[in-house]
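Throughout, read-outs are computed from the coordinates displayed, never taken from laboratory work. Remember, predicted model here, so these are calculated numbers, not experimental data. Every residue, glycine among them, receives a Cβ derived from its backbone with ideal geometry; neighbour counts consider all protein chains shown.
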Amino acid sequence: MRLDYLEYFEAAARAGSISEAALRLGRNRSTVSMAIAALEDELGVELFVRRGNSLALSAVGEHILDDCARIIALSNSIIERCARGGETAGRELRIGRDDVLPENFWRQVIRAIRRTRPDVRLSMRYAESDVLPELVRDGQLDIAYFMASGRSGPAGGLYSRVIARIGMRMMVARGHPLHAMSYVADADLSVLPQITYLDSTQQERFHLDAMGSERIALSSFELGKDAICDGLGWGYVPESLLSEEDEAQLGQINHGLGAAWYPYLVCSREPLVAAAQAEGLLPRHAHDIVLAQMRSDGLIAE
């Protein structure tokens, strides 16, 4: 049984016609048609019910379609692994990140890494920014991305770089009177609870000290943003998390400390500049993808 015959059968089944399958495969229509006919002769069954120029899978065709897809996928995997040789066999890439950048950003990064390095076993872990450097230093992560505050920063023995500046904006629900005020004093802020960020040691960060007695401490920026949208209080939100929908619900407070900028860091055990040793190539490759996605999303300048 020829593998290309299975590929032609699957393509025709997905496309619903021989002509469309041939177009997608870059083959002549007669080539695809003859291959499917040959496969049917070899199996002794009809895989399609033909109605003019359209095709519908027969009961047998439906039964074997997924198995054909598995065989094709396995074949492609074998070919790719053999082409790469044993150089990357068993390689693993472990990335850590905080939640300052949106989930869709990391989704795009994961897709790009898998597309360019499908041979690598990839894992991505969320953790608080004060924990991530330690996880890299302890060998649990290969590379980590996070926004630094007063307590979080590179652990000893790591290579680190500032790759962006993340703006933190003091926000409140648009319907609240604080948003309409042309100038907000410290005393005005005390009418609402302050939404703060709670780190791994249960310490509050990204907040203003001595600003009212009531606070709501949450363990992620997304939770904090949602709490502000729900009118539960005011607080700082990373600009990187503000979607158009969020901007419609939230407004910046006109306070003297209404905006602040924090460094966004990458850290690793190996340097991420110039040529690295073989063990450092995977983190470097991932870092290039992260930087490219940040440029695409306007998080860093070209």
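Magnitude of the charge dipole for the range 1-40, about its Cα centre and with charges confined to Cβ atoms of Lys, Arg (+1) and Asp, Glu (-1), is about 120 debye. Once you reduce the range 172-192 and the range 1-56 to the center of their Cα atoms, the two points are 67 Å from each other. Packing order of peptides 132-140, 57-65, 181-189, highest average first: 132-140, 57-65, 181-189 (average count of other Cβ atoms within 10 Å over each peptide's residues). Quick check: from the Cα gyration tensor, does the range 127-254 come out rounded (a/c under 1.5), prolate or oblate? It comes out prolate by the Cα gyration axes. Take the convex hull of the alpha carbons in the range 28-129; its mean projected area over all directions comes to 10.8 nm².
Over all other residues within a Cβ to Cβ distance under 10 Å of CYS229, the charged ones net out to -2, with Lys and Arg as +1 and Asp and Glu as -1.
3J(HN,Hα) along the range 53-58, derived from phi through the Karplus expression 6.51 cos²θ - 1.76 cosθ + 1.60 where θ = phi - 60°, amounts to 8, 10, 10, 10, 5, 6 Hz, with x in place of Gly and Pro. Annotation: amide H of ILE253 within the under-5 Å range of MET170, MET171, VAL172, sequence separation 5 or more or interchain, hydrogens built in the peptide plane. Over every pair of different alpha-carbon atoms in the range 3-86, take the mean of 1/r and invert it; report that Kirkwood radius in Å. Computed over Cα pairs of the range 3-86, the Kirkwood hydrodynamic radius comes out at 13.3 Å. Of all alpha-carbon pairs in the chain, indicate the percentage at a distance above 36 angstrom. Distances greater than 36 Å cover 43 percent of the Cα pairs. Highest GNM mean-square fluctuation among VAL237, VAL49, VAL266, for the chain modelled with Cα contacts below 10 Å: VAL49.
Across the range 230-238, rounded Karplus estimates of 3J(HN,Hα) from the backbone phi angles (6.51 cos²θ - 1.76 cosθ + 1.60, θ = phi - 60°) give 7, x, 7, x, 10, x, 8, 10, x Hz, Gly and Pro being marked x.
Secondary structure note: in the chain, about 65% of the DSSP beta bridges are antiparallel. Take every pair of alpha-carbon atoms less than 8 Å apart whose residues are at least six positions apart; their mean separation over the length of the chain yields a relative contact order of 18 percent. The string of couplings for the range 164-176 from the Karplus curve (6.51, -1.76, 1.60, θ = phi - 60°) is 6, 10, 9, x, 10, 10, 6, 10, 8, 4, 4, x, 7 Hz, one whole number per residue in order, with x for Gly and Pro.
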